[in-house]
Structures are given as structure tokens and as C-alpha cells.
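A short write-up of the structure that comes next.
The values are calculated or read from the model by the stated rules, or taken from the named source; none is laboratory data. The structure presented is a predicted model; accordingly, all values stated were derived computationally and were not measured. Positions of Cβ are generated from backbone atoms using ideal geometry, with glycine treated the same way; all protein chains shown enter the neighbour counts. Side chains are part of the model used for accessible areas, which takes the heavy atoms of the whole protein and leaves out ligands, DNA and RNA. Shrake-Rupley method; radii C 1.70, N 1.55, O 1.52, S 1.80 Å.
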Amino acid sequence: MEKSPDAFRTISEVADDLDLPQHVLRFWETRFPQIKPMKRGGGRRYYRPEDVDLLKGIRHLLYDHGYTIKGVQKLLKSNGNKFVIAIGNGDMDAVEALSQAAAAEQAAAKVQPPSLEEDQIVGKAKAPSTRRFFGFGASNQEPEMGSAGVGKEDRALLQEALYDLLECKRLLDQVR
């Protein structure tokens with residue numbers, strides 16, 4: 001008896017379908033957060049049809065096109081799941097349309113000036129004005145485009161992370 005195309009699949013069914021060992025699928029779950037099988041009691045995995053399609057696309061890129069895991073991660077981040085699924089299905093029209101849409105979206109994001117509210121978004125670190133560590137924040141000069149210097153936003157994020165780490169160290173030292 002054959003399962004419906006909309007039915008959930010076990011890890012063994014997906015592994016057989018993709019001609020991969022089960023441990024490779026488990027490993028890919030750790031490297032690609034987009035793969036989220038439903039887990040039932042006892043840790044048994046059930047893959048949705050979208051998960052299976054994404055796995056097919058990842059397998060196609062890794063094994064047939066010679067991409068590295070990092071390369072596929074970058075593709076997923078820049079173009080999204082639908083792009084990789086379309087590649088796995090061989091739908092080149094959808095691949096072209098999705099890549100053009102992603103390029104247009106990135107171009108539009110670069111053209112728009114950042115709003116004042118953007119600094120208030122949770123998860124974006126603001127550069128603390130009074131804290132300076134290891135020369136970060138000591139200069140207002142921006143590095144030239146294409147240079148190896150650290151940009152203003154990256155500098156602010158690094159500075160905030162360093163502050164958080166130093167605060168964690170201080171708290172740990174108090175406990176010891």
C-alpha cells in the first residue's frame with residue numbers, strides 16, 4: 001500500500017527515497033535549521049512533505065552540483081527554502097523567478113535608508129557610547145568598501161558581545 005503524497009514520512013522512508021543513510025539526515029538536521037521534522041514520543045521523526053522536498057534539494061546541491069554544506073547554507077539564507085526545493089524538483093523557471101525576486105529584494109533593502117525605529121528592533125545591538133574595548137569605537141572612521149576593516153554595525157555588535165562576555169565572566173568569578 002502506497003502512502004499519500006501529503007502523508008508524513010519516517011526517517012527510514014525518507015532515507016530510502018533519497019538513497020542516503022539515516023545518520024546523514026540526522027546530521028543535516030544539525031547543519032540546516034530549516035529541516036524540522038516533527039518528533040513524537042521516543043524521539044521518532046516524522047518528515048512533512050515540505051521537509052522531504054527541502055532534503056531532496058539539499059541532496060541535489062551537495063551530491064550532484066558539488067556544493068559544500070556552507071554553500072548550501074548560504075543559498076538557503078539568501079534565497080530561501082523555496083529556491084532549494086525548486087532546484088531539487090528541477091523547476092528552473094521557479095529557480096529563476098525566485099532568484100530574481102531575492103535580488104530585487106536585496107537591492108530594495110540597500111536603497112532604503114535605515115529608519116530611526118530600526119535601532120529599537122530587539123536583537124540589534126547599539127554601540128554603547130561609554131564602553132570601549134580593545135580599540136573598538138575609538139575611531140569614527142569607516143573602512144573603505146572592499147577593505148578588510150570592521151564596519152560600524154559589526155563593530156557595535158562585537159563590542160556589545162564583548163561586554164556581555166565580560167559581564168558573564170564577572171558573574172562566574174563571583175560564584176567561584
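Restricting 170, 155, 131 to those that are touching a Gly at 6+ places or on another chain (Cβ under 8 Å) and either modelled with pLDDT under 75 or open to solvent by 100 Å² or more (accessible area, probe 1.4 Å) (or both) reduces the list to 131.
Does residue 51 fit the bill of being acidic (Asp, Glu) and open to solvent by less than 30 Å² (accessible area, probe 1.4 Å)? Yes. Only a single item in (1) assigned to a helix (DSSP H, G or I); (2) open to solvent by 70 Å² or more (accessible area, probe 1.4 Å); (3) closer than 27 Å to residue 3 by Cα; (4) not small (Gly, Ala, Ser) is not met by residue 60, and it is number (2). When the criteria are applied in full, residue 53 fails the requirement of being outside any helix (DSSP H, G or I), in contact (Cβ under 8 Å) with a residue 24 or more places away in the chain and of a type outside the set (Val, Ile, Thr). Within the range 22-48, the set of residues being in a strand (DSSP E or B) and either open to solvent by 70 Å² or more (accessible area, probe 1.4 Å) or without any contact (Cβ under 8 Å) to a residue 12 or more places away in the chain (or both) comprises just one member, 39.
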